[in-house]
Structure formats: structure tokens, C-alpha cells
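So the structure is just underneath, and the comments pick up after that.
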Amino acid sequence: MPIAVETALPMRALVAGARRKERSLLDLTRKLVAAESPSDAKPAVDACMTLAAAHFRQLGGRIKLHHQAQHGNILEAHFGPRSVQPRGAAKPILLLGHLDTVWPVGAIASMPCRLRDGRLWGPGTLDMKTGVAMAATALELLHEAEMLRREIVLLLVSDEEVGSPVSRPITEALAHECTAVFVLEPAQGLAYKTARKGTGDWRINVKGVAAHAGVDFEKGANALRELARAIETVSRWTDLKRGLTVSVDVAAAGSRSNVVPDEAWAEVDVRILRRADGPRIARKFAALRPTDPRCTLTATGGINRPPMERSRGGVRLFRKAQALAAELGFALDEALSGGGSDGNFTAALGIPTLDGMGAVGEGAHARHESVFVEHLAPRIALLAGMLIG
């Protein structure tokens with residue numbers, strides 16, 4: 001049964017305020033989407049981050065930019081009371097998101113950001129620029145109602161889509177200072193996410209011996225055949241009951257049809273539900289050996305994001321959100337996602353983390369990426385209600 005939650009500001013008032021701000025929210029989202037920001041284009045990501053920083057500064061945010069040499073800069077913004085508070089005061093809440101996307105500069109030309117059929121369409125709308133705009137609107141509502149009684153820290157990173165290589169230490173350091181983490185990633189259907197699989201990547205490289213496939217067949221050591229054996233081996237490690245999948249998704253070998261290939265490689269995606277499976281699968285890759293002694297095989301890689309395992313702290317946050325959603329008149333479910341986010345990092349530290357608190361839509365990373373406008377106001381009100389407590 002949902003638990004009762006008392007809020008100083010009725011949830012209905014929050015949703016009414018969110019509806020009044022819907023047009024400005026959509027305008028901000030359009031601006032962020034127009035500032036295309038693929039992870040590998042630092043000038044573009046920086047420009048989008050600068051745009052966001054200016055907006056959050058207008059909302060009273062105390063802005064800090066973490067400048068990066070290779071990746072885009074990272075935005076940290078503080079709202080409400082400063083972190084130096086009386087003993088016993090509530091610790092801050094971390095709002096966590098990213099502004100980089102998977103879409104190259106120019107994608108918006110064939111995927112224009114437009115409002116049609118009750119949706120906002122465009123590259124990065126769902127994953128996750130609308131979520132950033134939702135956070136801005138929730139903070140604005142609470143500021144206007146003088147309800148920001150605790151510090152809120154907003155962190156927007158620039159490298160989430162490529163594994164968060166530079167932002168992870170910043171994310172983890174801030175999470176340690178906070179009592180909870182709310183991740184602005186898209187919802188799972190209509191649900192918040194209380195668990196996510198961990199993610200890993202490996203590359204298998206095989207070197208063999210080239211030879212003429214007709215004249216000197218016996219002298220060749222076929223790297224492609226050896227790779228095929230390895231692919232069959234690693235694919236058998238999938239254990240659906242454990243939530244463990246090993247998927248060989250990209251491979252290449254050979255130069256001509258009459259040459260025994262001397263090189264072959266494959267890239268492998270690994271997803272784990274249990275943290276203990278990370279070291280176990282790493283040992284398996286390390287133990288891979290070729291069948292043909294004339295071939296050499298190497299497997300490099302590892303777990304990039306630990307799993308966000310369902311935890312008491314995360315479930316406690318979800319139950320609170322579920323009760324607030326009931327006040328707003330809709331049912332909120334929890335879900336497990338097969339994909340990872342930066343919430344995986346904070347949950348692995350033991351910080352209660354709730355994910356999927358951004359927009360509702362479909363088509364993340366696909367050409368039909370879009371957000372359902374009808375869900376924006378209730379989800380913003382819910383986010384604001386969570387920030388009050």
C-alpha cells in the first residue's frame with residue numbers, strides 16, 4: 001500500500017504551476033535541442049552547456065563549470081541554502097543528468113524539433129534534454145513558492161553517452177555529499193527505475209597466419225574460424241535467469257575471398273544484474289584461449305558501469321514518489337532497465353538513487369525520438385514534490 005506523505009505545498013498546486021510553465025519548458029527544450037551536442041564534439045557540447053548554465057544562473061543557481069581538455073565541460077549548479085548548514089540540517093539532494101547526445105551535428109536538419117500530435121520530436125528530446133528542462137521548471141516552481149529549504153545540487157555531464165570517462169569522479173564525489181540522487185533520465189514507460197543492469201564492453205582480437213586459400217591452405221591459420229569458436233564460447237555465458245547477457249554485436253575479418261584471414265576481431269556487449277557477476281565474467285574473458293596453437297587471442301575490456309541493484313534506500317524513495325503520484329491522481333510503478341546510466345555509479349556507492357525521473361516518450365537513440373507532452377506537468381510536479389521532502 002502507498003504510504004502517506006505530508007507536503008507543505010499541495011501537489012495539485014504544483015501541477016497547476018507546472019501547467020502554467022509548460023510553454024516556457026518547451027521553449028527551453030527546443031533551445032537545448034537546437035544546440036546539438038554529440039559526445040565527441042567538444043565545441044558543440046560546450047555551447048549547449050553554456051546555454052544551460054546561463055538559464056540556471058537566471059534561476060539563482062550558483063554555477064561552477066568543470067573545464068575539460070578533451071570532453072565537453074561539466075556543469076555543477078547549487079540552489080537553495082548553501083551547503084554550510086547547522087548541525088543536523090538535511091544534506092543536499094543531487095539532480096543528475098547529461099547534455100551530450102548520440103546524434104551528430106546536423107541531425108536536426110532531417111529530424112527537426114517540432115511539436116506535433118501531442119509530442120515534442122527531435123534528436124535528444126527524450127534522452128535527455130527535456131529532463132533537464134523539467135528540472136529547471138521544478139526548481140523554478142519551488143523558488144517562486146519559497147519552498148527550497150534544502151540545498152539542491154544539479155550536475156549535468158557531457159560524456160554519459162560514451163561511458164562517463166571524465167565525469168564519473170565528479171559525480172561520485174558530489175553523491176557522497178548528498179542524501180539522495182534523482183536521475184533525470186527518461187522514464188521506463190511511465191515507471192521510475194529502481195534498478196538498472198551494469199554494462200561492460202570487451203574486444204576479442206585474433207591473429208592467425210595468412211595463406212593462399214587454394215595453393216597453401218594447410219599453411220594458413222584461420223583467424224576468422226578461431227574468432228567464430230570464441231564467439232560461440234562467450235555467447236554460451238548468457239544466463240537469462242541471472243540477468244546476465246553476453247552479446248557479440250560487431251565483428252570483422254578477412255581481406256579477400258581467396259586469402260586465409262590472419263586477423264579477426266569482435267566487440268562484445270555485456271550486461272549484469274548482480275555486481276558479483278562483474279569479476280566472474282572478467283575472469284572468463286581473461287581465460288579465453290585459441291584452439292589452434294598457431295593463433296593468438298586477446299580479450300580486452302571490462303565492466304564500465306556497475307549494476308544499480310534494487311536497494312532499501314532506492315525503494316524508500318520510490319514509495320515516497322508513489323504516494324505523491326497518488327495525490328496527483330496517477331499510479332506510479334517501478335521498473336528494471338537493461339540500460340545503464342550515471343545513477344549506476346551513485347547507487348553502487350550506497351547512496352539512495354531513483355532513476356527515470358525525466359520525460360515520458362519513446363524512440364531514444366532512434367529517428368522517432370519524442371516526448372509525450374501530456375505527461376510533462378504531472379512529472380514536473382512529482383519531481384518538485386520529491387525535492388521538498
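Quick note: the coordinates plus some simple rules give every number you see, no bench work behind them. Please read all numbers here as calculations on a predicted model, not as lab measurements. Cβ sites come from the backbone with ideal geometry, for glycine too, and all protein chains shown count toward neighbours.
Compute the acute angle (0 to 90°) between the alpha-carbon long axis of helix 130-144 and the principal axis of greatest extent of the alpha-carbon atoms of the chain; round to the nearest 10°.
For 130-144 against the chain, the angle is about 20 degrees.
Please compute the length gained on full extension between VAL209 and GLU22, using 0.36 nm multiplied by the number of residues separating them and subtracting their Cα-Cα distance. Mind dumping the intermediate values first?
Details: separation 187, 0.36 × 187 = 67.32 nm, distance 6.36 nm.
Contour length minus Cα-Cα distance gives 61.0 nm.
Can you sort ARG271, ARG225 from fewest to most other Cβ atoms within 10 Å of each residue's own Cβ?
Working: ARG271 22, ARG225 19.
Ascending number of Cβ neighbours within 10 Å: ARG225, ARG271.
How big is the equivalent ellipsoid of the stretch 161-255 along its three axes, where each semi-axis is √(5λ) from the Cα gyration tensor, reported in whole Å from largest to smallest? Walk me through the numbers on the way to the answer.
Details: eigenvalues 380, 59, 25 Å².
That gives 44, 17, 11 Å for the three semi-axes.
Normalise the Cα radius of gyration of the stretch 43-136 by 2.2 N^0.38 Å (N = residues in it) and let me know the number. Could you put the intermediate results ahead of the total?
On the way: Rg = 16.1 Å, N = 94, 2.2 N^0.38 = 12.4 Å.
It is 1.30.
When only C-alpha pairs under 8 Å and at least 6 residues apart count, what is the relative contact order of the stretch 198-305, in percent? List each step's numbers first, then the result.
Working: 241 pairs, mean separation 45.1, N = 108.
Normalised by residue count, the contact order of the stretch 198-305 is 42 percent.
Could you tally the net charge around ASP201, taking each other residue with its Cβ under 13 Å from the Cβ of ASP201, Lys/Arg +1 and Asp/Glu -1?
Net local charge, ASP201 excluded: 0.
Roughly what angle does helix 22-34 make with the longest principal axis of the chain, taking Cα atoms, 0 to 90 degrees, to the nearest 10?
30
So for the stretch 325-389, Kirkwood radius off the Cα pairs, Stokes-Einstein at 20 °C and 1.002 mPa s: how many µm² s⁻¹?
Working: Rh = 13.8 Å.
Estimated via Stokes-Einstein, D reaches 155 µm²/s.
Under a point spin-label approximation (7 Å from Cα along Cα-to-Cβ), what is the THR238-GLU172 distance to one decimal in nm?
Output for this residue pair reads 3.1 nm.
If you rank LYS31, LYS64 by fewest surrounding Cβ atoms within 10 Å, what's the result? Mind dumping the intermediate values first?
Details: LYS31 16, LYS64 12.
By the 10 Å Cβ count, ascending: LYS64, LYS31.
Quick check: the distance between the Cα centres of the stretch 39-75 and the stretch 276-290, to the nearest angstrom?
One Cα centre to the other: 39 Å.
If amide H atoms are built 1.01 Å from N in the plane of the peptide, which residues on other chains or at least 5 residues away come under 5 Å of the amide H of ALA180?
Distant-sequence amide H within range of ALA180: LEU94.
Where does the charge balance sit around ALA69 when Lys and Arg score +1, Asp and Glu -1, over other residues with C-beta under 15 Å from its C-beta?
Numbers: positive: LYS42; negative: ASP40, ASP46, ASP159.
Cβ neighbours under 15 Å give a net charge of -2.
For an R0 of 25 angstrom, estimate the FRET efficiency from the Cβ-Cβ distance between SER110 and VAL250 and round to the nearest 0.05.
Numbers: r = 25 Å, r/R0 = 0.99.
Computed FRET efficiency for SER110 and VAL250 comes out at 0.50.
For a label point 7 angstrom out from the Cα of ARG310 toward its Cβ, which stretches of the stretch 197-232 have the backbone nitrogen within less than 13 Å?
Inside the label zone: 197.
At 25 °C and 0.890 mPa s, grab the translational diffusion coefficient of the stretch 198-305 from Stokes-Einstein with a Kirkwood Rh over Cα pairs, rounded to a whole number in µm² per second. Each step should come with its number before you reach the end.
Numbers: Rh = 14.4 Å.
The estimated diffusion coefficient comes to 170 µm²/s.
Where nothing but the Cβ of Lys and Arg (+1) and of Asp and Glu (-1) is charged, how large is the charge dipole of the chain around its Cα centre, in debye to the nearest 20? Show your work: numbers first, answer last.
Working: 49 positive and 42 negative charges, 179 e Å.
So the dipole magnitude of the chain works out to roughly 860 debye.
Which of the aspartates and glutamates could a cross-linker span from LYS64 if the Cα-Cα distance has to be under 20 Å and same-chain partners fewer than 8 positions apart are dropped?
ASP46, GLU76, ASP100, GLU140, GLU151, ASP159, GLU160, GLU172, GLU177, ASP342
Summing +1 for each Lys or Arg and -1 for each Asp or Glu, what net charge is found among the other residues whose Cβ lies under 13 Å from the Cβ of VAL259?
Values: positive: LYS219, ARG256; negative: ASP216, ASP262, GLU263.
Neighbourhood net charge equals -1.
Among bridges DSSP assigns within the stretch 21-154, what percent are antiparallel (round to 5)?
Details: 11 of 15 bridges.
About 75 percent, rounded to the nearest 5.
Can you give the FRET efficiency to the nearest 0.05 for ARG229 and HIS375, using r as the Cβ-Cβ distance and R₀ = 51 Å? Walk me through the numbers before you get to the answer.
Working: r = 49 Å, r/R0 = 0.95.
Rounded to the nearest 0.05, the efficiency is 0.55.
Which FRET efficiency, nearest 0.05, do THR300 and HIS368 yield, Cβ-Cβ r, R0 35 Å? Numbers along the way, then the final one.
Numbers: r = 35 Å, r/R0 = 1.01.
Taking R0 as 35 Å, the efficiency between THR300 and HIS368 is 0.50.
Answer with one residue from GLY278, VAL209, THR238: the one whose Cα lies farthest towards the positive end of the charge dipole of the stretch 198-305, charges on Cβ with Lys, Arg +1 and Asp, Glu -1.
Looking along the dipole axis, the top candidate is GLY278.
Hey, could you grab the Kirkwood Rh for the stretch 281-389? Inverse mean 1/r over distinct alpha carbon pairs, Å, one decimal.
Details: mean 1/r = 0.0580 Å⁻¹.
So the Kirkwood estimate lands at 17.2 Å.
Could you give the angle, 0 to 90 degrees to the nearest 10, between helix 223-235's Cα long axis and the longest principal axis of the Cα atoms of the chain?
Helix 223-235 and the main axis of the chain meet at about 40 degrees.
Convert 20 °C to kelvin, take the viscosity as 1.002 mPa s, use the Kirkwood radius over C-alpha pairs of the chain as Rh, and evaluate the Stokes-Einstein diffusion coefficient in µm²/s, rounded to a whole number. Mind dumping the intermediate values first?
Details: Rh = 22.5 Å.
Estimated via Stokes-Einstein, D reaches 95 µm²/s.
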